[in-house]
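Report on the following structure.
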Amino acid sequence: MRTEIIIIGFVVLVLGIAPLAMGEPYDSNSIVKDDIEYYIQTDKAIYNLGENVEMLYRVTNLTAENVILGDVIDDPSAYYDFRVTQGDNWIWRYPFFSGVMETIYFRLGPYETKEFQTFWNMMNYNGTPLQEYDDFPVSPGFYNIVGEVALWPKSDRIPVNVSIDIIPEPSTLLLFGTGLIVVRLRSSQGLLARNRRKPKK
């Protein structure tokens, strides 16, 4: 009976904490190099499995001078690069492809900020971003979100990253906890039944 109480307490605790975790403020990180701030932000630090991960990348000129960071593809949707990794594994990337071949200078005026937002739907593109048939949902765990200005050559880029934690949905935890209780109760009932059947000495 003590085990059942512990399991019930654990499930209640997790279900109580999960909504608080989901309400945590955004998570962010920044790097300043040569008076340029490179910043990335996610809307939360902890996500339920299946949610969208909202990402914001921002680059700011902290000086009173005009600055050219380098060359980017002449396509506003391809000015920025986002990646999701887990350890050494590549999970997802934005953008996947741009048909534009020409490049332009990425400029920032005095104290100017440029930013871009996108989201990750928690799908693993399985190394084939242009093919959807082999995509699959990620598992709970820690993931690394990386953002950068998509400069060419790539050696000119300054990536900035933030880590997020993806946890099982509360309903999954509840089912898991309920299953443990049922298994434990059946085991206890079976043991009691066997004890009753034992002949008395």
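The values are calculated or read from the model by the stated rules, or taken from the named source; none is laboratory data. Just so we're clear, the structure is a prediction, and the values are computed from it rather than from any experiment. FYI the Cβ positions are ideal-geometry reconstructions off the backbone, even for glycines, and counts take in every protein chain you see.
Considered as a group, the residues in region 128-158 that are among the small types (Gly, Ala, Ser) and in contact with a Phe, Trp or Tyr (Cβ under 7 Å, 6 or more places away or on another chain) include one that is farthest from Asn89 (Cα to Cα), and that residue is Ala150. If you filter region 92-133 down to residues that are of a type in the set (A, V, I, L, M) and modelled with pLDDT of 95 or more, you find that the one that is surrounded by the fewest Cβ atoms within 10 Å (Cβ to Cβ) is Ile104. In region 58-69, the residues that are buried (at least 19 other Cβ atoms within 10 Å of the Cβ) form Cβ pairs under 7 Å with partners that are assigned to a loop (DSSP other than H, G, I, E, B), at six or more places apart or across chains, as follows: Asn61/Gly109; Asn61/Pro110; Asn61/Tyr111; Asn61/Glu112; Leu69/Leu151.
Let's see how each residue does on (1) in a strand (DSSP E or B); (2) under 14 Å from Pro159 (Cα atoms); (3) among the charged types (D, E, K, R):
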{"site": "Ile31", "(1), (2), (3)": "yes, yes, no"}
{"site": "Lys44", "(1), (2), (3)": "no, no, yes"}
{"site": "Gly50", "(1), (2), (3)": "no, no, no"}
{"site": "Leu56", "(1), (2), (3)": "yes, yes, no"}
{"site": "Glu65", "(1), (2), (3)": "no, no, yes"}
{"site": "Ile68", "(1), (2), (3)": "yes, no, no"}
{"site": "Asp81", "(1), (2), (3)": "yes, yes, yes"}
{"site": "Ser98", "(1), (2), (3)": "no, no, no"}
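Counting the residues of region 146-155 that are more than 16 Å from the chain's Cα centre (by Cα), surrounded by 14 or more Cβ atoms within 10 Å (Cβ to Cβ) and either of a type outside the set (A, V, I, L, M, F, W, C) or not in a strand (DSSP E or B) (or both) gives 3. Selection of region 5-44 for residues being surrounded by fewer than 17 Cβ atoms within 10 Å (Cβ to Cβ), in contact with a Phe, Trp or Tyr (Cβ under 9 Å, 6 or more places away or on another chain) and at pLDDT 50 or above yields Ser28, Asn29, Ser30, Ile31, Val32.
What about Ser77, is it under 23 Å from Lys154 (Cβ atoms), modelled with pLDDT under 95, touching a helix residue (DSSP H, G or I) at 6+ places or on another chain (Cβ under 8 Å) and not aliphatic (A, V, I, L, M)? In short, no.
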